[in-house]
Amino acid sequence: MQQAGNKRLSVLIKQKAAELDFDLCGIAKTKVLSENGRILEKWCEAGMNAGMSWLQRNPERRINPGLLMAGAKSVVVTGLCYYSEIKQKDPGAPLLSRYAYGLNYHDVITSKLEKLLDFIRIHEPDCEGKAFCDSAPLLEKAWGRQAGLGWQGRHSILINNKIGSFFFIGSLLLDLELDYDTPFEQNYCGTCRVCIDSCPTGAINENHTIDARKCIANLTIENRGPIPEDIIPKLGGRVYGCDTCQEVCPWNNPPKCRSHPEFTINKEVADMRREEWLSLSQERYIRLFRNTSVERVKYSDLMRNIDAAISSMDY
Ligand code: B12
């Protein structure tokens, strides 16, 4: 009887997730991700986390959801597409990565997950839950795999065999037992190495991890120092993040992710010409990028990126 109830609620959760416009939803049973923990630890020891020292903190919490929320039994993992057909117009303008086109995804996704939790509480009023999107030490891609959503490609990003990889991951920890999806055991990258061979800076390792010291996404988003001189010629105009490894991926060609209005590029940003980027004032930066993912870098770092991106176009 209990099991039948879990099954019914799991179906309802997935229906509600679809109603909330999520593109993917799977459910995993919580456990300690020891193997992932070992890989993460070695990766950090090798310095591959670059300046992101926070990835080394609380290693136990990072692999054990029970330490993020007492009594956690299930992880509902969702995917929300951010692919947008509309792009920047001026080919000479610095290039924004697609995930930064629209509203801040942390807010969009956490708010949808909270609505999902409210819905679950209609059925289970005492249920405890916590919603996360890139906001906690939770290995989100690994949980996506556990919830059956897909596999980590050579570029380390989670790929789904129906919609590709241009989606964000959001997770909801619950203290309920549910009906679990089968972890995704296959890896459909096969012998393909197109992402490794196409990465402008050679940042993709052989073991489904990347070297953040070389990754353009890290160097233009998380990095608080100057962009290394030897990287600038390889930026290819990129100003915030990088999509190369996903754009060349056969699983994204043709792109299968649909557009969501929240992640469609702001018209004024799409229309900005190269000169306007170069002369971007702090006021305009605040007006254009408030509540978007670009807010993660302060004005001076965005200007650093704009200079580097523009000079990379001369090589
Ligand atoms: C730190 C971080 C970054 C860093 C480091 C990237 C990285 N690959 O680790 C930087 C700033 C570079 C970055 C860049 C980007 N990021 Co980011 N990032 C994160 C974050 C916060 C943590 C990732 C992490 O744990 N890294 C540590 C390393 C060691 O983990 P890993 O690479 O996944 O390695 C695992 C596999 O190798 C696996 N593994 C390999 N072999 C084997 C074998 C076995 C047997 C097992 C069990 C496991 C295993 O084990 C490792 C540990 O789990 C997550 C959010 C989160 N909380 O999870 C978002 C996240 C991964 N980022 C995301 C995005 C969108 C991006 C960008 C595309 C943004 C952009 N356009 O620029 C790029 C992509 C670059 C790339 N190729 O990774 C999304 C990815 C969504 C998806 N579909 O997968 C996430 C999930 C955020 C979100 N909530 O949506 N990111």
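At 222 nm, what value in deg cm²/dmol follows for the chain if DSSP H runs of at least 4 each add -39500 (n - 2.57) and the sum is divided by all its residues, to the nearest 500?
Theoretical 222 nm ellipticity from helices: -9000 deg cm²/dmol.
Find the relative contact order for the range 103-230 and round it to a whole percent, using C-alpha pairs within less than 8 Å whose residues are 6+ positions apart.
About 23 percent, as a whole number.
Show me 138-146, 290-298 ranked by packing, highest mean number of other Cβ atoms within 10 Å first.
Highest mean packing first, the order is 138-146, 290-298.
Amide H of Tyr240: which non-local residues (sequence gap of 5 or more, or other chain) have their own amide H closer than 5 Å, using H built in the peptide plane?
Excluding prolines and chain starts, which carry no amide H, the hits are Ser97.
Give me the extension gain from Glu283 to Ala18: residue separation times 0.36 nm, minus the current Cα-Cα distance, reported in nm with one decimal.
Going from the current span to full extension adds 91.6 nm.
Could you compute how fast the chain diffuses translationally, taking Rh as the Kirkwood radius over C-alpha pairs and applying Stokes-Einstein at 4 °C with viscosity 1.567 mPa s? Give it in µm² per second.
Reported coefficient: 63 µm²/s.
Of the trypsin sites (Lys or Arg not before Pro) in the range 56-105, which ones lie in a loop per DSSP and count no more than 14 other C-beta atoms within 10 Å? Before the final figure, lay out the partial values.
Values: sites: Arg57, Arg61, Arg62, Lys73, Lys87, Lys89, Arg98; in loops: Arg57, Lys73, Lys87, Lys89.
Counting only loop positions with at most 14 other Cβ atoms within 10 Å, the trypsin sites (Lys or Arg not before Pro) in the range 56-105 are Arg57, Lys87, Lys89.
By its C-alpha gyration tensor, with a ≥ b ≥ c as the square roots of the eigenvalues, how is the range 42-171 shaped: rounded for a/c under 1.5, else prolate for a/b larger than b/c, else oblate?
Taking the square roots of the gyration eigenvalues as a ≥ b ≥ c, the range 42-171 is oblate.
State, as an integer percentage, the relative contact order of the range 27-132 based on alpha-carbon contacts under 8 Å between residues 6 or more apart.
In percent, rounded to a whole number, it is 26.
Compute, for the range 79-195, the length of the dipole vector about the Cα centre, with Cβ point charges of +1 (Lys, Arg) and -1 (Asp, Glu) only. Units Debye, rounded to 20.
820
Report the calculated FRET efficiency for Thr264 and Lys115 (r = Cβ-Cβ distance, R0 = 30 Å), to the nearest 0.05.
Taking R0 as 30 Å, the efficiency between Thr264 and Lys115 is 0.90.
For Lys29, list the lysines whose Cα falls under 30 Å from its own Cα; do not include residues on the same chain fewer than 8 positions away.
Lys7, Lys14, Lys16, Lys42, Lys73, Lys112, Lys115, Lys130, Lys141, Lys162, Lys256
How about the range 171-261: which GluC sites (Glu not before Pro) there lie in a loop by DSSP and see at most 15 other Cβ atoms within 10 Å?
Working: sites: Glu177, Glu185, Glu206, Glu222, Glu229, Glu247; in loops: Glu177, Glu185, Glu206, Glu229.
Here the GluC sites (Glu not before Pro) that fit, given the DSSP loop and packing criteria, are Glu177, Glu185, Glu206, Glu229.
Determine, for each peptide in 197-205, 148-156, 261-269, the mean count of other beta carbons within 10 angstrom over its residues, then list the peptides with the highest first. Write out the running numbers ahead of the final one.
Values: 197-205: 18.2, 148-156: 22.6, 261-269: 15.8.
The peptides rank, most packed first, as 148-156, 197-205, 261-269.
Once both axes come from the Cα atoms, what is the angle between helix 105-123 and the longest principal axis of the chain, in degrees from 0 to 90, rounded to 10?
Helix 105-123 and the main axis of the chain meet at about 10 degrees.
Convert each backbone phi in the range 66-72 into a coupling constant with the Karplus relation 6.51 cos²θ - 1.76 cosθ + 1.60 (shift: θ = phi - 60°), then list the ³J(HN,Hα) values in order as whole Hz, x for Gly and Pro.
Once θ is set to phi - 60°, the couplings for the range 66-72 become x, 8, 8, 8, 4, x, 4 Hz.
Relative contact order of the range 211-315, please, whole-number percent, based on alpha carbon pairs below 8 angstrom and at least 6 residues apart.
Reported as a whole number, the value is 47 percent.
For the chain, take the longest principal axis of its alpha carbons; what is the angle in degrees between that and the long axis of helix 34-45, to the nearest 10 within 0 to 90?
It works out to around 20 degrees.
Under 4.7 Å Cβ to Cβ, no partner at all: give me those cysteines from the chain, in residue order.
Cys25, Cys44, Cys127, Cys133, Cys189, Cys192, Cys199, Cys215, Cys242, Cys249
By its C-alpha gyration tensor, with a ≥ b ≥ c as the square roots of the eigenvalues, how is the range 178-221 shaped: rounded for a/c under 1.5, else prolate for a/b larger than b/c, else oblate?
It comes out oblate by the Cα gyration axes.
Using only Cα atoms, tell me the angle between helix 2-19 and the longest principal axis of the chain; keep it within 0 to 90° and round to the nearest 10.
Compared with the principal axis, the helix lies near 30 degrees.
Of Leu219, Leu67, Leu113, which has the largest mean-square fluctuation in a 10 Å C-alpha GNM of the chain?
For the chain, modelled as a Gaussian network with Cα springs under 10 Å, the answer is Leu67.
For labels at Met52 and Asp134 in the simple 7 Å Cα→Cβ model, what's the distance in nm?
Spacing of the two 7 Å Cα→Cβ label points: 1.0 nm.
Bear in mind that the values in this text are calculations on the coordinates, not laboratory data. All of these numbers come straight from a predicted model, not from anything done at the bench. Cβ sites come from the backbone with ideal geometry, for glycine too, and all protein chains shown count toward neighbours.
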